[in-house]
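Below is one structure, written out as structure tokens, with a few remarks after it.
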Amino acid sequence: MSQEQASKTGILYVVSTPIGNLDDMTPRATATLQNADLILAEDTRHSGGLLKKFGITTSAKAYHDHNEREFAPKIIERLEAGESIALISDAGTPLVSDPGYFLIKSAQQADIQVTPVPGSCALIAALSASGLASDRFTFNGFLPPKQNARQKRLQALKMDTATQIFYEAPHRLAACISDLKEVIGAERNACIARELTKMYETIRTDSLENLNKWLAQDPGQCRGEIVIIVEGNPAEQIDDGEDQRVLDILLEYLSPSQAVAATVKITGGKKNQLYKMAQEKQ
Ligand code: SAM
């Protein structure tokens, strides 16, 4: 969109707000909300506290999944008339497991400028501190609440080499970790990132086996807001071809355990995977 067009119509701002710690509110987010003609909030009562804390006096209207199809055309009209409107959610970045998709799509179709005002996002905060690979990751939102559907979804992700990220409700955390252990495998590493930026922030990265035990021993860890991150399928990440070649040569001269240990030293391959490969050769 050209500058000239943008000056005629208003701008739709997508504004991130803190996920717990109000010090994470950015000065740009505060100024954008204060200067907007209208704030669209997922829950006006919930956001009322935040707006008050930052002295933001702009009026706020509720915008959520249940009213967005009916409400969006009216918002587009106001934007076309030149008003600037800011979308926020209860916490973090709007549209990330939060409402707004229909509105942003409608605004783009109406050729209205959409501008993000970035800030907190629970999945990115969790990933950045998880100690798990962040070069490729998939955000899956919330898993299905019913066990059958959840296990099916996990089965479909099992071989994926990218890091997998989930949001989870506290009362389903233990069941979810147990299903992950069963379907993805007890030895796969994962991270539970809880209450990020808040007083009881806890970030624990361990095998799914150990995380499952930890939750059983300390049910207090199943409280608050939670992100689960699971490492990608490591079996797919190693260079099977080179590992296999080195292992095959060494197996001609050494016992399987000696050959595996030597291959780990030479190629840096994963011990468990190499054992499986050695067993398959016998
Ligand atoms: N839009 C938000 C964002 O940018 O992260 C997410 C909204 S979604 C409805 C809420 C879920 O995000 C929670 O159930 C939890 O899984 C995750 N979440 C939000 N705040 C969190 C926090 N402080 N610590 C850990 N997880 C959090």
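No lab work stands behind these numbers, since they all come straight from the coordinates. Values in this document were obtained by computation on a predicted structure and should not be read as measured data. Because the Cβ atoms are built from the backbone with ideal geometry, glycine has one as well, and the counts that use them run over all protein chains shown.
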Euclidean distance of C-alpha centroids, the range 142-190 and the range 96-135, integer Å: 23 Å
5 angstrom amide H check on LEU87, placed H, neighbours 5+ away: TYR13, VAL14, VAL15, LEU40
Cα-centred dipole magnitude for the range 3-120, charges only on beta-carbon of K, R (+1) and D, E (-1), debye, nearest 20: 200 debye
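Let me make sure I get this right: for the range 241-281, a, b and c are the square roots of the gyration tensor eigenvalues over alpha carbons, sorted descending. Under 1.5 in a/c it's rounded, otherwise prolate if a/b > b/c, else oblate. Which is it?
rounded
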Links that overshoot a 20 Å alpha carbon limit, given the list LYS53/LYS198; LYS181/LYS213; LYS152/LYS181; LYS213/LYS270: LYS213/LYS270
In the range 161-245, the GluC sites (Glu not before Pro) that fall in loop regions by DSSP, at most 13 other Cβ within 10 Å: GLU187
For the range 156-282, projected area of the alpha-carbon convex hull averaged over all directions, nm²: 9.2 nm²
Cross-link partners of LYS105 among lysines (Cα-Cα below 28 Å; sequence separation of 8 or more within a chain): LYS8, LYS61, LYS74
Shape metrics for the chain, restricted to C-alpha atoms - Rg then Dmax, Å: 24.2, 80
Rg and Dmax [Cα atoms of the range 16-107; Å; Rg one decimal, Dmax integer]: 12.5, 36
Amide hydrogen neighbours beyond the local backbone of LEU143, cut-off 5 Å, H modeled: TYR167
Axial C-alpha extent at least 24 Å, average Kyte-Doolittle at least 1.0 - helices from the chain (DSSP): none
